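Right, one structure below, let's go through it.
The values are calculated or read from the model by the stated rules, or taken from the named source; none is laboratory data. Given the structure is predicted, the values throughout are model-derived calculations rather than measurements. Neighbour counts run over all protein chains shown; Cβ positions are idealised from the backbone, glycine included. Ligands, DNA and RNA are excluded from the accessible area calculation, which covers all protein heavy atoms including side chains. Shrake-Rupley method; radii C 1.70, N 1.55, O 1.52, S 1.80 Å.
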Amino acid sequence: MNPAFSVIVFSTATGVGYGLLALLGILTPFGLLPHDRIFGFVALAVALASITAGLLSSLFHLGRPERAWRALSQWRSSWLSREGVAAVATYVPAGAFGILWVFFGRVSMIAGVVSAIGAVMTVCCTAMIYRSLKPVPRWHNAWVLPVYLLAALMSGVLWLAAILHFFGSLPSISGLAAAAIAALCVAKIGYWRSIDTASATSTAASALGLGPVGAVRLFEAPHTSQNYLLREMGFELARKHAAKLRRIALVGGFGFPFLLSGIAVATSGWPAMAAAWLAALLGTTGIFIERWLFFAEARHVVTLYYGKSAA
Amino acid sequence: MTSLPPSSSSSKRLGLVIDLDICVGCHACAVNCKEWNSAGAAGPLTDFAPYDAEPDGVWFNRVHTYEVGEGSEGRTVHFPRSCLHCAEPACVTVCPTGASFKRAEDGIVLVDENLCIGCKLCSWACPYGAREFDHDAGIMKKCTLCIDRIYNESFAVEDRIPACVATCPASARHFGDLGDPDSDVSRLVAERGGYDLMPEMAYGPTNKYLPPRPRQKSAGCTGAPAELVHAGTAKDGLLGWLDRLLSR
């Protein structure tokens, strides 16, 4: 599948934002984070700015962005529509949570918890858009939902730890970051192992129904140049590049942030702050690469009509 | 609206039956489809750089050609691919705007061009590559089963069929109601063992494909063998003498 930049930016940025929002909404009312108003303003601003930037980025993927509001109508059947509804609805409790905290110094448990629920539901909807697509077998996989949720948790907690260093450090959050990285790592390796070992859902024989006649080879393609299907669905990433990118994501995007989060727990002052910020930047980059791979490694069954033998 | 109509709404399921045994791969169906739909309700089907080295454009019908089987059992199969107007079309249910819909009265899957936001998710949800994005209009386009022909009362009754069916010079394409077990197309499917593409996807395609008939082993009523058999080398007589002379 073609890794469209706007879509990858969308899910990476909203992952950061919703992860951060959910953590603030749950941890602050229970007194696990400072109630400082400036902290509330900065952290919620980062979360909401990241969510908004991601949602705006997704509009660049649309052919008719001016009609985007129509996407809120089909929540009964469409995960994309549900995601839109959840994303817009989450602004309401998040706004109330922020206004009460920043302007009135009150941390509302109800607004916080509802914001967190909205954030988690929106990320679930994003994951389900892919998870529900049978024609892309590597997306129609049980690991997809946990990976999206854990990626949002990991990027949210990394940025929370980084921001907290300006408001008196809180080593436990960096510890939580290390745990979230480890959890995402396990889920991501589980996903990669699953897609590497899964047997094909569909084959050229089932796509054409000519299995009983014999083995099928493409003799002549229907067109001599590219078309929409090949550009969008026929994107192919060389296996050796995929392996290298997986290693880069694992070491640079998860391994280093894990170690840096450990350093942030063990040290204090500016080394801890530098480690937390570097961890947040590298971790987000790692999720961006992982998300790019999620598209680039996925193969659509329509490629079976264009000469692939299995998908 | 993008929820599917209840299955009880109508038993009518209009669709195509494509005979892979007699399709000659001439692409006339694809060309006439393009021709009709460039001007019809779904038009224009935008082309980009049509006269350049890398032409690109929206088509509702694509004809692939395959080699099937090995050696003397091998054969060429031409395979027209278009929207199958599925019973359970995920392209419809994933649509966030209600632009994609399945008609309750005849099962035709359509896109409302005034509602489509061009998110392309429906094209991801279709296993058969039936939907092609029009970059110029910013919306998704697909086969309409020539809805502006089949119900067109200004046409003579025999012309109220999709453009691809009307133009096929080999009569490899048939149009009819596959929801009616007594229709000509349903009988054809039953008789020839018509099948679904990618049944494992469980989309319940309406269109059916008829498999190539078994290869003929004799030359029909003449009684002659289908393949020439080597007559062997003559050992005596004039031909034997010539053979020996020339083999020297």
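Given R0 = 35 Å, the distance between the Cβ atoms of A:Ala183 and B:Glu105 translates into a calculated FRET efficiency of 0.10. Summed over qualifying helices (DSSP H, 4 residues or more, each -39500 (n - 2.57)) and divided by its residue number, the protein assembly as shown shows a 222 nm mean residue ellipticity of -14500 deg cm²/dmol. In this structure, the amide hydrogen of B:Trp59, modeled 1.01 Å from its nitrogen in the peptide plane, lies closer than 5 angstrom to no residue at least 5 positions away or on a different chain. Residues whose amide H falls under 5 Å from that of B:His64, counting only those 5 or more places apart or on a different chain, are B:Phe79, B:Arg81, with hydrogens built in the peptide plane. Count Lys and Arg as plus one, Asp and Glu as minus one, and take only other residues whose Cβ is under 14 Å from that of B:Thr97; the net charge is then +2. Taking amide H atoms as placed 1.01 Å from N in the peptide plane, the amide H of A:Ser202 lies under 5 Å from those of A:Ala311, each 5 or more residues away in sequence or on another chain. Across all directions, the average projected area of the convex hull around the alpha carbons of chain A is 17.7 nm².
A simple spin-label model places the labels of A:Ala96 and B:Cys26 6.9 nm from each other, with each point 7 Å out along Cα-to-Cβ.
Overall shape: prolate for segment A:168-311, with the ratio a/c of the largest to smallest alpha carbon gyration tensor axis at 1.5 or above and a/b above b/c.
Just to be sure I follow the definition: excluding the sites themselves, where is the longest run in chain B that has none of the GluC sites (Glu not before Pro) in a DSSP loop with at most 14 other Cβ atoms within 10 Å? Between exposed loop sites, the widest span is B:154-226.
Taking 8 Å as the Cα distance limit and 6 or more residues as the minimum spacing, I'd like the relative contact order of chain A as a percentage.
So the answer I get is 24 percent.
Among rounded, prolate and oblate, which fits segment B:82-146 when a ≥ b ≥ c are the square roots of the eigenvalues of its C-alpha gyration tensor, a/c under 1.5 means rounded, and a/b larger than b/c means prolate? In terms of gyration-tensor shape, rounded.
Relative contact order of segment B:121-248: what whole-number percent is it, with Cα pairs under 8 angstrom and at least 6 residues apart?
9 percent
Phi angles across segment B:16-23 convert, under the Karplus curve 6.51 cos²θ - 1.76 cosθ + 1.60 with θ = phi - 60°, into 3J(HN,Hα) values of 10, 10, 10, 8, 6, 6, 10, 5 Hz, Gly and Pro given as x.
Over segment A:1-132, all Cα pairs binned in 5 Å intervals from 0 give whole-percent P(r) values of 2, 11, 20, 23, 17, 12, 8, 5, 1, 0, listed from short to long.
Residue order by solvent-accessible surface for B:Trp36, A:Trp192, A:Trp270 is A:Trp270, B:Trp36, A:Trp192, largest first, with ligands and nucleic acids left out and a 1.4 Å probe. Excluding same-chain neighbours fewer than eight residues apart, the lysines reachable from B:Lys12 by a Cα-Cα span under 24 Å are B:Lys102, B:Lys141, B:Lys142, B:Lys208. Rg ratio for the protein assembly as shown: its Cα radius of gyration over 2.2 N^0.38 Å, N being its residue count, equals 1.21. Shape descriptor for chain B: Rg over Rh equals 1.16 (Cα atoms; Rh from the Kirkwood inverse mean 1/r). For segment B:112-127, putting each phi into the Karplus relation 6.51 cos²θ - 1.76 cosθ + 1.60 with θ = phi - 60° gives couplings of 7, 5, 7, 9, 5, 9, x, 7, 6, 4, 4, 5, 5, 7, 8, x Hz, in residue order, rounded to whole numbers and with x for Gly and Pro. Shown in residue order for segment B:79-93 are the 3J(HN,Hα) couplings computed by the Karplus curve 6.51 cos²θ - 1.76 cosθ + 1.60 at θ = phi - 60°: 9, x, 10, 8, 4, 9, 6, 4, 6, 10, x, 5, 4, 7, 5 Hz (x for Gly and Pro).
Out of every Cα-Cα pair in segment B:1-104, what percent are more than 19 Å apart? Working shown, then result.
Working: 3358 of 5356 pairs.
Summing the P(r) of segment B:1-104 above 19 Å gives 63 percent of all pairs.
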